[in-house]
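Enquirer: So that we are looking at the same thing, I have put the structure below in structure tokens.
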């Protein structure tokens, strides 16, 4: 069997022929040769194709062409001619001059199919239809279902596009909100750091003020039971007694204090010397203070020179002796100032 392509060639040709015949007026009776037309091809046929079906109602004299989308059928007279190899020809008749217009060549492939061998364009087989109205109704149902399905698909697509658009907007807003949140967090963190730095500065200033107040209070106040001199004399005595007590404890345990033993009290004596000097700075007459300041600077220079030159730090014991020297020298200077300048 010849392979058939699916195209509405018959419909196109018949429409053209029908228009021509209608314009010329009237129809022409069919001429049938051999086997009767009715026994071979009379009946209702449908073009075997995927598009909108074309129905051909073949009578003994005319072919009526119908399509579901067109309420006006097309009518054409025809000639049926059968060949020796059981093929047959269908030809339309031109009423003006009686000329023939070739429609198709085919053969009966069983009782319900006309296999089309040749036709203008790409031929398609014809399938017998028992109920054309039912076929049209089924086609319309399928067309409506396809239309509804396409509408559903289009609606779903529009919804999906809208959802994606809304999602993109939501994502963009989320990104914007996140950027704003991060920016706010950075601002808050910067403000917190600034507050902490300010608080730290204020704390340092406060501590410095407290130290100044303590020094000023120590420099300007006197104990209720005696003079400032007596107070610091007692402080020096207590620190000296503490040193002796620690040394005695070492002796009682069978040991001997090292040559650098006094070095561990250097910080205590240095703090006391600074307190005494703060008192003198506030309370002494300025001219006397200037003379004492020059002497104090000379003493500091001598102490540092001796510390740097007379004591090496080659061994741990020698390093201890250096700080013992500093401790003893500072103790002597503090006692000297207490005895000779505090009141």
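Bear in mind that the values in this text are calculations on the coordinates, not laboratory data. Owing to the predicted nature of the structure, the values given are computational and were not obtained by experimental measurement. We place every Cβ from the backbone using ideal geometry, glycine too, and count neighbours over all the protein chains shown.
Enquirer: Over the alpha-carbon set of region 72-201, divide Rg by the Kirkwood Rh and report the Rg/Rh ratio to two decimals. Working shown, then result.
Expert: Working: Rg = 37.7 Å, Rh = 22.9 Å.
Computed over Cα atoms, the ratio is 1.64.
Enquirer: Give me 108, 302, 272 sorted ascending by neighbouring Cβ count inside 10 Å, so fewest comes first. If you can, show how the numbers build up before the last one.
Expert: Values: 108 15, 302 11, 272 21.
Ranked by crowding around the Cβ, least crowded first: 302, 108, 272.
Enquirer: Here's a follow-up. Residue separation times 0.36 nm, minus the C-alpha to C-alpha distance between residue 62 and residue 239: what's the value? Before the final figure, lay out the partial values.
Expert: Details: separation 177, 0.36 × 177 = 63.72 nm, distance 14.27 nm.
Value of the extension gain: 49.4 nm.
Enquirer: Taking the highest mean first, how do the peptides 156-164, 95-103 order by number of other beta carbon atoms within 10 angstrom per residue? Don't skip to the answer; put the middle values down first.
Expert: Working: 156-164: 10.0, 95-103: 13.6.
Sorting 156-164, 95-103 by mean packing, highest first, produces 95-103, 156-164.
Enquirer: Another question, if that's okay. Calculate, in whole percent, how much of the Cα-Cα pair population of region 223-341 lies beyond 20 Å. Don't jump to the answer; show the numbers that get you there.
Expert: Working: 3556 of 7021 pairs.
Counting every Cα pair in region 223-341, those more than 20 Å apart make up 51 percent.
Enquirer: Any idea what % of Cα-Cα pairs in region 42-121 are farther than 22 Å? Please report the intermediate quantities before stating the final value.
Expert: Values: 804 of 3160 pairs.
Every Cα pair in region 42-121 considered, those over 22 Å come to 25 percent.
Enquirer: Assuming a viscosity of 0.692 mPa s and a temperature of 37 °C, what translational diffusion coefficient in µm² per second does Stokes-Einstein assign to region 77-146, Rh being the Kirkwood radius over Cα pairs? Could you put the intermediate results ahead of the total?
Expert: Numbers: Rh = 14.3 Å.
Rounded, D is 230 µm²/s.
Enquirer: Students often check this: by mean Cβ neighbours within 10 Å, which of 168-178, 241-251, 64-74 ranks highest, and how do the rest follow? Present the calculation step by step, with values, prior to reporting the outcome.
Expert: Working: 168-178: 10.0, 241-251: 12.0, 64-74: 14.9.
By packing density, highest mean first, the sequence is 64-74, 241-251, 168-178.
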